[in-house]
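K.L.:
First the structure, which I've put down as structure tokens, then a few questions once you've had a look.
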Amino acid sequence: MRIRRAGVVLVCLISCVSGAVAQVGIDAGAALGGGSTQATANGGTAKAVDGGAQAAMAMQGNVVLASTTADYPVTPGDTFSLTFLQSTQAAMMRLFVNPDGSINAGIFGRIEARGMTYPALKATIEKLVAKGYPGSNPSLQFVATGIFTVLVEGEVKVAEQQTAWGLTRLSELVKASATRYADRRSVLVRRAEGSERRFDLFKAEREGDLSENPYVRPGDTIVLGRAERTVTITGSVYRPGSYQLLPGEELKEAIAYYAGGFTGKANQNRLNLTRDPESGQRLGETAQIDYAKDPGFVLRDFDAILVPPVSELLPVVYFEGAIGVQAAAGAADKPLDAANKISHVFVPGETLSQAAQSLRNDFTATSDLEHAYILRDKAKIPVNLADLIYKSDFTQ
């Protein structure tokens with residue numbers, strides 16, 4: 001028997017790295033981590049060495065990453081090992097990047113490394129040594145990466161100097177310091193030489209545009225403002241979440257670009273808007289928006305949009321009687337034979353057997369399935385739910 005849409009329907013029931021580089025990395029890491037190699041009477045050596053080992057492992061990872069990253073920027077504090085043949089003897093020099101970005105290369109002179117990448121520096125120095133000592137087979141290798149601090153201020157939890165290294169990107173420091181109200185669409189970065197530029201971190205994350213998420217540099221100051229307009233989109237969209245809109249972007253951009261568009265189950269004609277109260281109002285407001293008719297609907301700060309599924313418009317029937325009662329036998333408040341009412345949303349064309357089978361776990365031992373009936377337009381239509389559920393007899 002097919003469930004009809006018309007009227008309310010009731011169904012009633014009666015009842016690691018190796019070699020020299022690794023060793024130097026460990027030494028440097030121990031120094032950074034405060035590790036100690038001297039025994040102490042109170043057993044503190046194990047903890048100190050463990051901290052130093054962890055710092056050493058981090059340093060090793062940084063060294064390997066810097067060595068294999070084509071655009072690694074030479075950073076103050078970077079340390080390199082230069083090896084070459086001098087006559088028939090092997091020679092080695094330790095090179096250090098000064099705070100001003102220069103390198104004192106001894107007999108090879110002073111090298112201005114500011115703005116250079118590691119591959120470019122490596123090629124420059126090896127070429128310089130080969131020119132002075134033909135056939136010397138020079139090689140420049142990373143020993144340790146430098147670290148520095150960057151000031152982060154503005155709409156942050158606490159204005160502070162954060163530690164960074166050559167491959168630290170802007171988003172890492174912003175994520176660590178920003179409040180939930182910080183503007184990520186226009187992050188100001190002041191360079192040490194006085195230049196300024198704003199970056200859109202959302203664009204960097206969504207589109208993979210790394211020009212909007214640069215490496216930070218020594219002497220940088222990061223300034224975060226407060227977001228002008230943040231909206232939240234939930235429900236039947238591909239990318240639910242909170243987004244900061246740019247000027248001129250309204251409902252269409254919020255749904256199509258930021259939220260990734262409607263899913264196939266979205267009810268585009270009944271978007272639910274919840275809006276915070278404006279100045280002077282005590283309460284906020286809610287509204288329904290037809291996307292097709294008003295895609296340019298103007299959004300305000302803290303607006304929340306719920307995109308409901310089309311299933312909200314599906315019709316409902318009710319199963320009533322000895323169904324869905326989970327109280328223990330003998331409970332005074334609700335015994336097993338108490339009446340209950342369960343709603344069931346159905347798709348037009350669904351049969352009674354399909355509905356009943358979906359609710360089979362809600363029937364109790366006292367449910368009189370054989371003598372159930374449908375109440376439709378004041379008429380009672382008897383049905384045997386036991387046959388529909390357990391015997392798969394659909395003749396009725």
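Values in this text are rule-based calculations from the coordinates and carry no lab data. Only a predicted model underlies this, so the values are computations on that prediction, with no experimental measurement involved. Cβ: placed from backbone, ideal geometry, glycine included. Neighbour counts: every protein chain shown.
K.L.:
Please work out the Cα center distance from region 290-328 to region 191-228, rounded to the nearest Å.
P.N.:
Spelled out, the Cα-based centre of one part sits 40 Å from the other.
K.L.:
Turning to a different aspect of this structure: Could the peptides 364-375, 310-321 be put in order, highest first, of the mean number of other beta-carbon atoms found within 10 Å of their residues?
P.N.:
On the way: 364-375: 17.4, 310-321: 15.8.
My ranking of the peptides, most packed first, is 364-375, 310-321.
K.L.:
For the peptides 241-253, 114-126, what is the packing order when you average, over each peptide's residues, the other Cβ atoms within 10 Å and list the highest mean first?
P.N.:
On the way: 241-253: 15.3, 114-126: 17.4.
Result, highest mean Cβ count within 10 Å first: 114-126, 241-253.
K.L.:
Same structure, new question: Magnitude of the Cβ-charge dipole of region 191-307, K/R +1 and D/E -1, about the Cα centre, nearest 20 debye? If you can, show how the numbers build up before the last one.
P.N.:
Values: 16 positive and 19 negative charges, 55 e Å.
It works out to roughly 260 debye.
K.L.:
Which entries of K157/K265; K265/K341; K203/K265; K293/K378; K127/K175 have Cα-Cα distances beyond 30 Å here?
P.N.:
On the way: K157/K265 40 Å; K265/K341 28 Å; K203/K265 28 Å; K293/K378 41 Å; K127/K175 41 Å.
From the list (K157/K265; K265/K341; K203/K265; K293/K378; K127/K175), the Cα-Cα distance tops 30 Å for K157/K265; K293/K378; K127/K175.
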